[in-house]
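Below is one structure; the comments refer to it alone.
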Amino acid sequence: MARNTVLLKIKSLMPSLSTKEQSIANFVLEDPRFASRMTINEMAAQLGVADSTVFKFTKKLGYRGFRDFRTDLLAEEFDPQISIHENVTPEDAPIVVAQKIFHSSAKSLHDTLSLLNEHDLEQAIDFMLGASRISLYGCGESGIIALDAYQKFLRSPIPCHFVTDTHMQLMQAAQLTPDDCAIVISHTGATREMIEIARIAHEARARVILITSYPSQHISEYADVTFVSTSDETGYRPESLSCRFAQLAIIDTLYTALMFRVQGTAESLRKIREAINLTKVDD
């Protein structure tokens, strides 16, 4: 079973939580150790919500009540002061650095896989299969993930689109139609441009697939399907190391499943290979 399963449950349920419940979720995710040592009354008072709201939050996570929730959180022995990358020290030999980083990346992949469900994957693939165009959006590190996705989906018979400039992404999103599918990538789920792009796409009635590590209500309300990537991090750090691999794995999963189902794959791949072969030097 994946470590930190309580935190994974919270992340996966974030889009379905109410505003007050999301404030509880954010509080627990930011400092699990502190939260695990509070009573239900203390947590409610800290957040300015009713005890019943905290109780309903724990019920949504599948617990009988706050006591069971706190027991699981305590059992995970999560230390918010330490993450695998923060454990790397100047004294570590390069091979030790490699071991810690590889371990973190493997854990991120394992935890992200545990959050995937067949219904969401099937729905996302159906959205792409029914689209006249797949548009990709992301900025910063998420833009790099979007660019990687773009070079993959270029091999598909379905037209795809990506530009790196966020202003141009907003302009392109404004041209979306109900026949389009938008894939929005935002690690924090709080990037203003990506929230606006998701909103514009949603209001255009395009299908929106969201890939994020923090499915906040700000952006999740505009998504038809949300995939949550995880990483060994402390709180809501703006940067992410290991979650990049998890997001790439989600993209690879969607791309591979799509290519097995879409018509015209063989011809599309043939054209791509012929074009790429022009860049190779003959022996």
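Every number here is computed from the coordinates shown, using simple stated rules; none is lab data. All of these numbers come straight from a predicted model, not from anything done at the bench. All Cβ positions, even for glycine, are placed from backbone atoms using ideal geometry, and neighbour counts span all protein chains on display.
Structural remarks
- Mean separation of Cα contacts under 8 Å, 6 or more apart, over the residue count of the chain: relative contact order %: 20
- Judged by the mean number of other Cβ atoms found within 10 Å, the most tightly packed of the peptides 41-47, 247-253 leads the ranking 247-253, 41-47.
- Net charge over other residues, Cβ less than 13 angstrom from the Cβ of Ala201 (K, R count +1; D, E count -1): -3
- Of Lys100/Lys152; Lys11/Lys107; Lys9/Lys100; Lys9/Lys152; Lys11/Lys56; Lys20/Lys59, pairs whose Cα-Cα distance is over 19 Å: Lys100/Lys152; Lys9/Lys100; Lys9/Lys152
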